[in-house]
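The values are calculated or read from the model by the stated rules, or taken from the named source; none is laboratory data. Fair warning: this is a prediction, and the values are worked out from it, not measured in the lab. Cβ placement follows ideal geometry from the backbone for every residue including glycine, while neighbour counts extend to all protein chains displayed. These accessible areas exclude ligands, DNA and RNA; they are computed on the full protein's heavy atoms, side chains included. Shrake-Rupley method; radii C 1.70, N 1.55, O 1.52, S 1.80 Å.
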Amino acid sequence: MPKYKITVEGIAAPKSISMSVHGAYNNKRVRSWMDVVRDTALTERPSKAPEGIPVALMLDVWLPWPKRTAKKVISADPNALHTKKPDADNILKPIVDGLTEAGFWEDDNQIAQMFVEKKYCPRGEERAEITVTW
């Protein structure tokens, strides 16, 4: 079973759609995050997952501690799970779209399993660690 791990540096941008008279579109921040995911994935991309083969996606997203967080709180639990906004499902969508654009699979409907974990990290160490298995 092929397994691929990709690390995308930067703060994950949650999916948010802007509206105009011409329709809905991704805002610039989301689009640039999707481009970073796509470009990083293109350098790591294996052969495309065969059509119809189920794909498993595991995502660890590292987000910064809020600026007002006391150092005592951070040192007490440096690996705390992130329970604030953005929502995990909104973080997942641009990453899946970026991987689809990179050609990891024919269509994201091949994803049969997903696991998302949001964690806190020190500022400057933000990233998304993506594991794709088929």
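Quick check: residue separation of Arg127 and Ile53 times 0.36 nm, minus the Cα distance between them. What number comes out in nm? Can you show the working numbers first?
Numbers: separation 74, 0.36 × 74 = 26.64 nm, distance 2.79 nm.
Length difference between fully extended and current span is 23.8 nm.
Got a sec to turn the phi values of segment 83-97 into Karplus ³J(HN,Hα) couplings, 6.51 cos²θ - 1.76 cosθ + 1.60 with θ = phi - 60°, whole Hz, x for Gly and Pro?
10, 9, 5, x, 5, 4, 5, 6, 6, 5, 4, x, 5, 4, 4
May I ask you to give the solvent-accessible area per residue for the chain, in square angstrom, as obtained with a 1.4 angstrom probe?
Numbers: 7950 Å² over 134 residues.
For the chain, the per-residue accessible area is 59 Å².
Taking θ = phi - 60°, what integer Hz values does the Karplus form 6.51 cos²θ - 1.76 cosθ + 1.60 yield along segment 6-11, in sequence order, with x for Gly and Pro?
10, 10, 10, 7, x, 7
Show me, for segment 53-66, the HN-Hα J-couplings you get by feeding each phi into the Karplus relation (A = 6.51, B = -1.76, C = 1.60, θ = phi - 60°), rounded to Hz, glycine and proline as x.
Values, residue by residue: 7, x, 10, 10, 10, 10, 10, 10, 10, 9, 10, x, 4, x Hz.
Going through segment 72-134, which trypsin sites (Lys or Arg not before Pro) have at most 12 other Cβ atoms within 10 Å and a DSSP loop state? Display every interim value, and only then the final one.
Values: sites: Lys72, Lys84, Lys118, Lys119, Arg123, Arg127; in loops: Lys84, Arg123.
Sparse-neighbourhood loop trypsin sites (Lys or Arg not before Pro): Lys84, Arg123.
Quick one: which of Lys5/Lys71; Lys67/Lys118; Lys28/Lys67; Lys15/Lys118; Lys5/Lys84; Lys28/Lys84 span more than 20 angstrom between C-alpha atoms?
On the way: Lys5/Lys71 32 Å; Lys67/Lys118 17 Å; Lys28/Lys67 24 Å; Lys15/Lys118 15 Å; Lys5/Lys84 26 Å; Lys28/Lys84 23 Å.
With Cα atoms farther than 20 Å apart: Lys5/Lys71; Lys28/Lys67; Lys5/Lys84; Lys28/Lys84.
Looking at segment 1-132, send over the antiparallel percent of its DSSP beta bridges, to the nearest 5.
On the way: 17 of 27 bridges.
Expressed as a percentage, antiparallel bridges in segment 1-132 total about 65.
What are the residues whose amide H is under 5 Å from the amide H of Ala80, where those residues sit 5 or more places off or on another chain and H is modelled from the backbone?
Tyr120
Quick check: at a probe of 1.4 Å, how many percent of the accessible area of the chain sits on carbon and sulfur atoms?
53
Which value in nm describes the separation of the simple spin-label points at Lys28 and Glu101, placed 7 Å from the Cα toward the beta carbon?
Those two pseudo-labels are separated by 1.6 nm.
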